[in-house]
Amino acid sequence: MQDLLGKHIVLGLTGGIACYKSAELCRLFVKAGATVQVVMTEAATQFMTPVTMQALSGRPVYVSQWDVREDNNMPHINLSREADAIVLAPCSADFIARLAEGRSDELLSLMCLARPIEQVPLLIAPAMNREMWAHPATQRNLQQVAADGATMLGVGSGWQACGETGDGRMLEPAQLLEDITAFFHAKLLVGQQVLVTAGPTFEALDPIRGITNHSSGKMGFAIARAAREAGAEVTLIAGPVHLPTPRGVRRIDVLSALEMLEAAEREAARASVFVATAAVADWRPASHSDQKIKKDGSGLPPVLNFVENPDILATVARSPRAASGALFCVGFAAESENLAAHAKAKRERKGIPLLVGNIGPLTFGQDDNSLLLVDADGVRELPRAPKLQLARELIAEIAARLPTRTSA
Ligand SMILES: Cc1cc2nc3c(=O)[nH]c(=O)nc-3n(C[C@H](O)[C@H](O)[C@H](O)COP(=O)(O)O)c2cc1C
(Lines give C-alpha, C1' and ligand atoms only; values in the text may rest on other atoms or scores of the structure.)
Protein backbone atom coordinates (compact mmCIF):
# COMPACT_ATOMS: atom_id res chain seq x y z
CA MET A 1 0.00 0.00 0.00
CA GLN A 2 1.17 3.53 -0.83
CA ASP A 3 0.83 4.74 2.75
CA LEU A 4 3.12 7.74 2.25
CA LEU A 5 1.80 8.93 -1.11
CA GLY A 6 2.25 12.69 -1.44
CA LYS A 7 4.67 12.93 1.49
CA HIS A 8 8.12 14.45 1.05
CA ILE A 9 10.64 13.14 3.56
CA VAL A 10 14.10 14.48 4.23
CA LEU A 11 16.10 11.46 5.37
CA GLY A 12 19.15 12.48 7.41
CA LEU A 13 21.99 10.01 7.93
CA THR A 14 24.65 10.49 10.61
CA GLY A 15 27.82 8.51 11.31
CA GLY A 16 27.11 4.95 12.44
CA ILE A 17 27.15 1.36 11.24
CA ALA A 18 23.33 1.42 11.05
CA CYS A 19 23.66 3.54 7.87
CA TYR A 20 23.47 0.21 6.03
CA LYS A 21 19.83 -0.06 7.18
CA SER A 22 19.04 3.43 5.88
CA ALA A 23 19.43 2.24 2.30
CA GLU A 24 16.54 -0.17 2.87
CA LEU A 25 14.55 2.48 4.75
CA CYS A 26 14.93 4.85 1.80
CA ARG A 27 13.71 2.10 -0.55
CA LEU A 28 10.68 1.43 1.68
CA PHE A 29 9.80 5.14 1.78
CA VAL A 30 9.91 5.29 -2.03
CA LYS A 31 7.86 2.08 -2.33
CA ALA A 32 5.28 3.59 0.05
CA GLY A 33 4.86 6.52 -2.35
CA ALA A 34 7.02 9.18 -0.65
CA THR A 35 9.60 11.36 -2.32
CA VAL A 36 12.88 11.28 -0.41
CA GLN A 37 15.68 13.83 -0.16
CA VAL A 38 18.77 12.41 1.52
CA VAL A 39 21.09 14.64 3.56
CA MET A 40 24.24 13.11 5.10
CA THR A 41 26.83 14.26 7.60
CA GLU A 42 30.51 13.92 6.60
CA ALA A 43 30.78 11.03 9.09
CA ALA A 44 27.81 9.23 7.49
CA THR A 45 29.62 9.21 4.14
CA GLN A 46 32.30 7.01 5.77
CA PHE A 47 29.66 4.31 6.29
CA MET A 48 27.47 4.63 3.16
CA THR A 49 28.25 6.31 -0.15
CA PRO A 50 26.05 9.19 -1.33
CA VAL A 51 25.99 7.38 -4.70
CA THR A 52 23.96 4.50 -3.22
CA MET A 53 21.55 6.87 -1.49
CA GLN A 54 21.20 8.96 -4.68
CA ALA A 55 20.41 5.85 -6.70
CA LEU A 56 17.77 4.68 -4.20
CA SER A 57 16.12 8.07 -3.67
CA GLY A 58 16.44 9.23 -7.28
CA ARG A 59 17.82 12.60 -6.13
CA PRO A 60 21.32 14.00 -5.63
CA VAL A 61 22.38 13.81 -1.97
CA TYR A 62 23.32 16.91 0.02
CA VAL A 63 26.33 16.77 2.36
CA SER A 64 27.55 20.37 2.67
CA GLN A 65 26.01 23.68 3.64
CA TRP A 66 28.28 25.23 0.99
CA ASP A 67 26.54 23.30 -1.82
CA VAL A 68 26.41 25.67 -4.78
CA ARG A 69 23.68 23.70 -6.59
CA GLU A 70 21.03 25.81 -4.83
CA ASP A 71 20.40 29.15 -6.53
CA ASN A 72 20.35 31.02 -3.23
CA ASN A 73 23.11 28.79 -1.77
CA MET A 74 20.88 27.96 1.21
CA PRO A 75 20.09 24.24 1.06
CA HIS A 76 19.30 24.28 4.78
CA ILE A 77 16.36 26.63 4.15
CA ASN A 78 15.13 25.20 0.86
CA LEU A 79 15.28 21.53 1.87
CA SER A 80 13.60 22.00 5.24
CA ARG A 81 10.74 24.13 3.83
CA GLU A 82 9.76 21.40 1.34
CA ALA A 83 9.64 18.56 3.90
CA ASP A 84 6.58 16.95 5.49
CA ALA A 85 9.02 15.48 8.02
CA ILE A 86 12.74 15.21 8.69
CA VAL A 87 13.71 11.67 9.73
CA LEU A 88 17.16 11.15 11.27
CA ALA A 89 18.06 7.48 10.84
CA PRO A 90 20.54 6.60 12.15
CA CYS A 91 20.99 9.44 14.62
CA SER A 92 24.37 9.27 16.38
CA ALA A 93 25.01 10.15 20.04
CA ASP A 94 27.14 13.01 18.81
CA PHE A 95 24.33 14.37 16.62
CA ILE A 96 21.81 14.15 19.49
CA ALA A 97 24.25 16.19 21.62
CA ARG A 98 24.49 18.75 18.84
CA LEU A 99 20.70 18.99 18.52
CA ALA A 100 20.38 19.41 22.32
CA GLU A 101 22.77 22.33 22.17
CA GLY A 102 21.17 23.86 19.08
CA ARG A 103 24.44 23.64 17.13
CA SER A 104 24.45 24.34 13.39
CA ASP A 105 28.03 23.90 12.17
CA GLU A 106 27.19 21.56 9.26
CA LEU A 107 24.24 21.12 6.88
CA LEU A 108 22.08 18.51 8.67
CA SER A 109 22.11 20.14 12.13
CA LEU A 110 21.75 23.57 10.51
CA MET A 111 18.69 22.30 8.62
CA CYS A 112 17.13 20.84 11.80
CA LEU A 113 17.62 24.13 13.63
CA ALA A 114 16.34 26.19 10.70
CA ARG A 115 13.19 24.11 10.15
CA PRO A 116 9.83 25.71 10.99
CA ILE A 117 9.15 23.71 14.18
CA GLU A 118 5.33 23.85 13.93
CA GLN A 119 5.16 22.65 10.31
CA VAL A 120 8.09 20.25 9.93
CA PRO A 121 8.26 17.47 12.51
CA LEU A 122 11.64 15.97 13.41
CA LEU A 123 11.64 12.20 13.97
CA ILE A 124 14.71 10.56 15.48
CA ALA A 125 15.86 6.94 15.24
CA PRO A 126 18.97 6.72 17.46
CA ALA A 127 21.63 4.06 16.88
CA MET A 128 24.65 3.45 19.07
CA ASN A 129 26.58 1.13 21.36
CA ARG A 130 24.68 0.15 24.53
CA GLU A 131 27.08 2.03 26.84
CA MET A 132 26.74 5.19 24.73
CA TRP A 133 22.95 4.76 24.84
CA ALA A 134 22.86 4.25 28.63
CA HIS A 135 25.26 7.13 29.33
CA PRO A 136 23.61 9.88 31.40
CA ALA A 137 24.80 12.50 28.92
CA THR A 138 22.97 10.74 26.04
CA GLN A 139 19.80 10.25 28.08
CA ARG A 140 19.93 13.88 29.23
CA ASN A 141 20.38 15.07 25.63
CA LEU A 142 17.52 12.86 24.39
CA GLN A 143 15.19 14.34 26.98
CA GLN A 144 16.20 17.84 25.97
CA VAL A 145 15.70 17.15 22.25
CA ALA A 146 12.26 15.60 22.96
CA ALA A 147 11.36 18.61 25.13
CA ASP A 148 12.34 20.82 22.19
CA GLY A 149 9.66 19.11 20.08
CA ALA A 150 11.31 16.12 18.39
CA THR A 151 9.61 12.71 18.26
CA MET A 152 11.72 9.78 19.51
CA LEU A 153 11.20 6.55 17.60
CA GLY A 154 12.99 4.41 20.19
CA VAL A 155 15.75 1.83 19.82
CA GLY A 156 15.91 -1.93 19.48
CA SER A 157 17.79 -4.35 21.66
CA GLY A 158 20.11 -7.20 20.73
CA TRP A 159 23.45 -7.98 19.12
CA GLN A 160 25.47 -4.88 18.18
CA ALA A 161 28.12 -4.41 15.51
CA CYS A 162 30.75 -3.87 18.25
CA GLY A 163 30.08 -7.43 19.48
CA GLU A 164 28.19 -6.38 22.62
CA THR A 165 24.52 -7.07 23.32
CA GLY A 166 22.01 -4.57 24.67
CA ASP A 167 19.87 -1.52 23.93
CA GLY A 168 20.78 1.05 21.29
CA ARG A 169 20.35 -0.73 17.95
CA MET A 170 18.50 1.24 15.30
CA LEU A 171 14.97 -0.11 14.77
CA GLU A 172 14.59 -2.24 11.66
CA PRO A 173 13.54 -0.36 8.47
CA ALA A 174 10.10 -2.04 8.41
CA GLN A 175 9.50 -1.04 12.04
CA LEU A 176 10.52 2.54 11.30
CA LEU A 177 8.21 2.63 8.28
CA GLU A 178 5.30 1.41 10.44
CA ASP A 179 6.00 4.03 13.14
CA ILE A 180 6.48 6.88 10.66
CA THR A 181 3.30 5.91 8.76
CA ALA A 182 1.43 5.91 12.09
CA PHE A 183 2.89 9.33 12.91
CA PHE A 184 1.05 10.87 9.94
CA HIS A 185 -2.37 9.42 10.87
CA ALA A 186 -5.13 11.50 12.47
CA LYS A 187 -5.24 10.73 16.20
CA LEU A 188 -8.97 9.95 16.34
CA LEU A 189 -8.75 7.56 19.29
CA VAL A 190 -6.43 9.33 21.71
CA GLY A 191 -7.39 8.39 25.28
CA GLN A 192 -9.29 5.26 24.16
CA GLN A 193 -8.42 1.70 25.22
CA VAL A 194 -9.19 -0.61 22.32
CA LEU A 195 -9.48 -4.37 22.77
CA VAL A 196 -9.42 -6.56 19.64
CA THR A 197 -9.79 -10.34 19.28
CA ALA A 198 -8.37 -11.94 16.14
CA GLY A 199 -7.76 -15.24 14.41
CA PRO A 200 -9.32 -18.66 14.88
CA THR A 201 -9.56 -20.67 18.08
CA PHE A 202 -8.18 -24.19 18.41
CA GLU A 203 -10.33 -26.71 20.27
CA ALA A 204 -8.16 -29.65 21.29
CA LEU A 205 -9.33 -33.26 20.93
CA ASP A 206 -6.14 -34.73 22.31
CA PRO A 207 -2.52 -33.49 22.67
CA ILE A 208 -2.00 -33.85 18.91
CA ARG A 209 -5.24 -32.91 17.18
CA GLY A 210 -7.97 -30.33 17.36
CA ILE A 211 -10.65 -28.40 15.54
CA THR A 212 -10.00 -24.97 14.08
CA ASN A 213 -10.96 -22.85 11.05
CA HIS A 214 -9.42 -20.90 8.19
CA SER A 215 -9.33 -17.46 9.85
CA SER A 216 -5.87 -15.94 9.28
CA GLY A 217 -6.20 -13.10 11.83
CA LYS A 218 -5.24 -10.52 9.17
CA MET A 219 -8.37 -8.37 9.57
CA GLY A 220 -8.10 -8.25 13.37
CA PHE A 221 -4.38 -7.49 13.26
CA ALA A 222 -5.05 -4.69 10.73
CA ILE A 223 -7.72 -3.24 13.06
CA ALA A 224 -5.31 -3.36 16.00
CA ARG A 225 -2.70 -1.55 13.92
CA ALA A 226 -5.17 1.06 12.67
CA ALA A 227 -6.41 1.71 16.24
CA ARG A 228 -2.82 2.20 17.38
CA GLU A 229 -2.14 4.56 14.46
CA ALA A 230 -5.18 6.53 15.63
CA GLY A 231 -3.53 6.99 19.03
CA ALA A 232 -5.39 4.37 21.10
CA GLU A 233 -3.84 2.03 23.65
CA VAL A 234 -4.43 -1.34 22.03
CA THR A 235 -4.61 -4.89 23.39
CA LEU A 236 -4.87 -7.72 20.89
CA ILE A 237 -6.07 -11.17 21.97
CA ALA A 238 -4.84 -13.51 19.25
CA GLY A 239 -5.75 -17.11 18.51
CA PRO A 240 -3.11 -19.33 16.84
CA VAL A 241 -1.91 -17.26 13.84
CA HIS A 242 1.42 -16.59 12.15
CA LEU A 243 1.42 -12.80 12.09
CA PRO A 244 3.82 -10.24 13.56
CA THR A 245 2.41 -8.05 16.35
CA PRO A 246 1.67 -4.51 15.12
CA ARG A 247 4.04 -1.90 16.61
CA GLY A 248 3.02 -0.55 20.00
CA VAL A 249 0.25 -3.14 20.46
CA ARG A 250 0.06 -5.37 23.58
CA ARG A 251 -0.61 -8.97 22.49
CA ILE A 252 -2.07 -11.86 24.46
CA ASP A 253 -1.89 -15.28 22.77
CA VAL A 254 -4.64 -17.81 23.47
CA LEU A 255 -5.68 -21.13 21.96
CA SER A 256 -9.25 -22.12 22.83
CA ALA A 257 -12.54 -20.21 22.96
CA LEU A 258 -12.60 -20.61 26.73
CA GLU A 259 -9.13 -19.05 27.04
CA MET A 260 -10.19 -16.24 24.69
CA LEU A 261 -13.33 -15.60 26.76
CA GLU A 262 -11.33 -15.45 29.98
CA ALA A 263 -8.86 -12.96 28.48
CA ALA A 264 -11.60 -10.89 26.80
CA GLU A 265 -13.67 -10.54 29.99
CA ARG A 266 -10.59 -9.59 32.01
CA GLU A 267 -9.31 -7.03 29.47
CA ALA A 268 -12.77 -5.62 28.64
CA ALA A 269 -13.01 -4.41 32.24
CA ARG A 270 -10.67 -1.52 31.34
CA ALA A 271 -11.39 -1.11 27.62
CA SER A 272 -13.53 1.58 26.02
CA VAL A 273 -13.88 -0.13 22.62
CA PHE A 274 -14.18 -3.89 21.98
CA VAL A 275 -13.82 -5.19 18.42
CA ALA A 276 -14.52 -8.92 18.16
CA THR A 277 -13.05 -10.11 14.87
CA ALA A 278 -11.95 -13.57 16.04
CA ALA A 279 -13.58 -16.55 14.33
CA VAL A 280 -14.40 -18.36 17.56
CA ALA A 281 -15.32 -22.04 17.21
CA ASP A 282 -19.03 -22.51 17.91
CA TRP A 283 -18.42 -25.92 19.46
CA ARG A 284 -15.62 -27.73 21.30
CA PRO A 285 -15.16 -31.45 21.92
CA ALA A 286 -17.17 -32.51 24.99
CA SER A 287 -14.14 -34.29 26.38
CA HIS A 288 -10.39 -33.90 25.92
CA SER A 289 -8.15 -36.94 25.93
CA ASP A 290 -4.81 -36.54 27.76
CA GLN A 291 -3.28 -39.13 25.42
CA LYS A 292 -3.44 -39.38 21.63
CA ILE A 293 -6.70 -41.11 20.61
CA LYS A 294 -5.61 -44.38 18.93
CA LYS A 295 -7.30 -46.61 16.38
CA ASP A 296 -8.88 -49.45 18.37
CA GLY A 297 -8.72 -52.03 15.58
CA SER A 298 -12.50 -52.12 15.08
CA GLY A 299 -12.27 -50.12 11.88
CA LEU A 300 -14.77 -47.63 13.34
CA PRO A 301 -13.91 -43.98 13.88
CA PRO A 302 -14.15 -42.60 17.42
CA VAL A 303 -17.45 -41.02 18.39
CA LEU A 304 -16.94 -37.33 19.00
CA ASN A 305 -19.39 -35.33 21.05
CA PHE A 306 -19.46 -31.56 21.12
CA VAL A 307 -20.68 -28.87 23.47
CA GLU A 308 -21.43 -25.29 22.53
CA ASN A 309 -18.77 -22.67 23.28
CA PRO A 310 -19.72 -19.49 25.12
CA ASP A 311 -20.52 -16.48 22.92
CA ILE A 312 -17.64 -14.09 23.70
CA LEU A 313 -19.09 -11.04 21.95
CA ALA A 314 -22.55 -11.47 23.49
CA THR A 315 -21.03 -12.08 26.96
CA VAL A 316 -18.93 -8.89 26.80
CA ALA A 317 -21.81 -6.93 25.23
CA ARG A 318 -24.07 -7.93 28.17
CA SER A 319 -21.58 -6.60 30.75
CA PRO A 320 -22.64 -3.59 32.84
CA ARG A 321 -19.91 -1.42 31.25
CA ALA A 322 -21.22 -2.13 27.74
CA ALA A 323 -24.81 -1.57 28.87
CA SER A 324 -23.86 1.82 30.39
CA GLY A 325 -22.15 2.94 27.18
CA ALA A 326 -18.65 2.92 28.74
CA LEU A 327 -17.65 0.07 26.39
CA PHE A 328 -18.53 0.36 22.68
CA CYS A 329 -18.86 -3.14 21.18
CA VAL A 330 -18.28 -4.00 17.53
CA GLY A 331 -18.88 -7.52 16.22
CA PHE A 332 -17.85 -9.29 13.04
CA ALA A 333 -20.01 -11.82 11.21
CA ALA A 334 -18.41 -14.17 8.69
CA GLU A 335 -21.22 -15.58 6.58
CA SER A 336 -21.30 -17.64 3.41
CA GLU A 337 -24.55 -16.17 1.96
CA ASN A 338 -27.35 -13.63 2.63
CA LEU A 339 -24.86 -11.31 4.30
CA ALA A 340 -27.08 -8.28 4.96
CA ALA A 341 -29.94 -10.32 6.46
CA HIS A 342 -27.65 -12.46 8.64
CA ALA A 343 -25.63 -9.43 9.78
CA LYS A 344 -28.75 -7.44 10.75
CA ALA A 345 -30.14 -10.40 12.69
CA LYS A 346 -26.81 -11.00 14.42
CA ARG A 347 -26.49 -7.35 15.50
CA GLU A 348 -29.89 -7.48 17.17
CA ARG A 349 -29.29 -10.90 18.74
CA LYS A 350 -25.99 -9.74 20.27
CA GLY A 351 -27.33 -6.35 21.34
CA ILE A 352 -24.41 -4.34 19.91
CA PRO A 353 -24.37 -0.93 18.22
CA LEU A 354 -22.22 -1.92 15.21
CA LEU A 355 -21.89 -5.21 13.35
CA VAL A 356 -19.46 -5.71 10.48
CA GLY A 357 -20.40 -8.42 8.00
CA ASN A 358 -18.11 -10.14 5.53
CA ILE A 359 -18.24 -13.24 3.38
CA GLY A 360 -16.02 -15.86 5.06
CA PRO A 361 -14.65 -17.68 1.99
CA LEU A 362 -13.82 -14.31 0.34
CA THR A 363 -11.84 -13.02 3.34
CA PHE A 364 -10.11 -15.90 5.12
CA GLY A 365 -6.39 -15.73 4.34
CA GLN A 366 -6.84 -12.89 1.79
CA ASP A 367 -5.06 -9.54 1.95
CA ASP A 368 -8.16 -7.67 0.88
CA ASN A 369 -11.83 -7.84 1.75
CA SER A 370 -15.09 -5.90 1.57
CA LEU A 371 -17.19 -5.04 4.61
CA LEU A 372 -20.83 -4.35 5.32
CA LEU A 373 -21.42 -2.01 8.27
CA VAL A 374 -24.76 -2.56 9.98
CA ASP A 375 -26.00 -0.21 12.70
CA ALA A 376 -29.33 1.14 13.92
CA ASP A 377 -29.46 3.52 10.92
CA GLY A 378 -29.06 0.81 8.28
CA VAL A 379 -26.41 -0.78 6.09
CA ARG A 380 -23.29 0.70 4.46
CA GLU A 381 -20.77 -1.08 2.26
CA LEU A 382 -17.02 -0.50 2.40
CA PRO A 383 -15.99 -1.75 -1.06
CA ARG A 384 -13.21 -4.26 -1.65
CA ALA A 385 -9.81 -2.89 -0.58
CA PRO A 386 -6.69 -4.00 1.31
CA LYS A 387 -7.57 -5.05 4.87
CA LEU A 388 -5.43 -2.30 6.39
CA GLN A 389 -7.29 0.36 4.41
CA LEU A 390 -10.66 -1.11 5.46
CA ALA A 391 -9.42 -1.26 9.06
CA ARG A 392 -8.54 2.46 8.95
CA GLU A 393 -11.98 3.28 7.53
CA LEU A 394 -13.63 1.17 10.22
CA ILE A 395 -11.64 2.91 12.96
CA ALA A 396 -12.85 6.29 11.65
CA GLU A 397 -16.44 4.96 11.68
CA ILE A 398 -16.01 3.74 15.27
CA ALA A 399 -14.41 7.03 16.38
CA ALA A 400 -17.36 8.96 14.93
CA ARG A 401 -19.79 6.82 16.96
CA LEU A 402 -18.06 7.10 20.35
CA PRO A 403 -19.94 9.13 22.94
CA THR A 404 -16.99 11.30 24.02
CA ARG A 405 -14.72 11.67 21.07
CA THR A 406 -11.19 12.92 21.74
CA SER A 407 -9.17 14.08 18.80
CA ALA A 408 -5.75 15.63 18.48
C1 LIG B 1 33.36 2.16 13.08
C2 LIG B 1 32.60 3.22 13.82
C3 LIG B 1 31.29 3.02 14.14
C4 LIG B 1 30.56 3.99 14.81
N5 LIG B 1 29.25 3.76 15.11
C6 LIG B 1 28.56 4.68 15.78
C7 LIG B 1 27.20 4.46 16.11
O8 LIG B 1 26.62 3.42 15.79
N9 LIG B 1 26.53 5.40 16.81
C10 LIG B 1 27.13 6.56 17.19
O11 LIG B 1 26.47 7.37 17.84
N12 LIG B 1 28.42 6.82 16.86
C13 LIG B 1 29.14 5.91 16.18
N14 LIG B 1 30.44 6.16 15.85
C15 LIG B 1 31.02 7.46 16.18
C16 LIG B 1 30.54 8.55 15.23
O17 LIG B 1 30.76 8.19 13.89
C18 LIG B 1 31.20 9.87 15.59
O19 LIG B 1 30.71 10.29 16.87
C20 LIG B 1 30.95 10.95 14.57
O21 LIG B 1 31.59 12.14 15.02
C22 LIG B 1 29.50 11.23 14.33
O23 LIG B 1 29.38 12.31 13.46
P24 LIG B 1 28.00 12.90 13.00
O25 LIG B 1 27.13 12.96 14.20
O26 LIG B 1 28.31 14.21 12.42
O27 LIG B 1 27.46 11.98 11.95
C28 LIG B 1 31.19 5.20 15.18
C29 LIG B 1 32.51 5.41 14.83
C30 LIG B 1 33.22 4.43 14.17
C31 LIG B 1 34.65 4.70 13.81
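In region 124-134, the condition of being away from the ligand (no atom under 14 Å from the Cβ) and not basic (K, R) is met by no residue.
No other residue among Q2, Q65 is of a type in the set (S, T, N, Q) and outside the structural domain of W133 (by TED's automatic domain parsing) apart from Q2.
Would it be correct to say that A222 is closer than 28 Å to A271 by Cβ and surrounded by fewer than 20 Cβ atoms within 10 Å (Cβ to Cβ)? So A222 fails the test. Considering region 283-372, the qualifying strands (runs of 3 or more DSSP E), each wholly inside and each with 2 or more residues that are among the aliphatic types (A, V, I, L, M), run over 328-335, 354-359.
Pairs are defined by a Cβ separation below 6 Å, a sequence spacing of at least 6 or placement on different chains, a first member in region 152-168 that is outside the structural domain of R130 (by TED's automatic domain parsing) and over 15 Å from G16 (Cβ atoms), and a second member that is at pLDDT 90 or above and more than 13 Å from the ligand (Cβ to nearest atom); no pair meets this definition.
Being more than 14 Å from the ligand (Cβ to nearest atom) and in the same structural domain as P75 (by TED's automatic domain parsing) is not true of L142.
Checked against (1) in contact (Cβ under 8 Å) with a residue 24 or more places away in the chain; (2) closer than 18 Å to F47 by Cβ; (3) touching a Ser or Thr at 6+ places or on another chain (Cβ under 8 Å), M111 passes all but a single condition, namely (2). Scanning region 317-331 for residues that are of a type in the set (G, A, S) and either in contact with a Leu (Cβ under 9 Å, 6 or more places away or on another chain) or not assigned by TED's automatic domain parsing to the domain that holds A264 (or both), we see that the one that is surrounded by the fewest Cβ atoms within 10 Å (Cβ to Cβ) is S319. The number of residues in region 150-172 that are under 19 Å from H8 (Cβ atoms) and either away from the ligand (no atom under 16 Å from the Cβ) or assigned to a strand (DSSP E or B) (or both) comes to 1. Return a yes/no flag: does region 388-400 have any residue that is under 26 Å from the mean Cα position of the chain (by Cα), closer than 29 Å to H185 by Cα and not in a helix (DSSP H, G or I). Looking through region 388-400, none of the residues is under 26 Å from the mean Cα position of the chain (by Cα), closer than 29 Å to H185 by Cα and not in a helix (DSSP H, G or I).
On the stretch given as region 328-345, residues that are charged (D, E, K, R) and more than 17 Å from D377 (Cβ to Cβ) total 2. Considered as a group, the residues in region 76-103 that are in contact with a helix residue (DSSP H, G or I) (Cβ under 8 Å, 6 or more places away or on another chain) and at pLDDT below 95 include one that is farthest from T14 (Cα to Cα), and that residue is I77.
The values are calculated or read from the model by the stated rules, or taken from the named source; none is laboratory data. All of these numbers come straight from a predicted model, not from anything done at the bench. Note: ideal-geometry Cβ built from the backbone for every residue, glycine included; neighbour counts use all protein chains shown.
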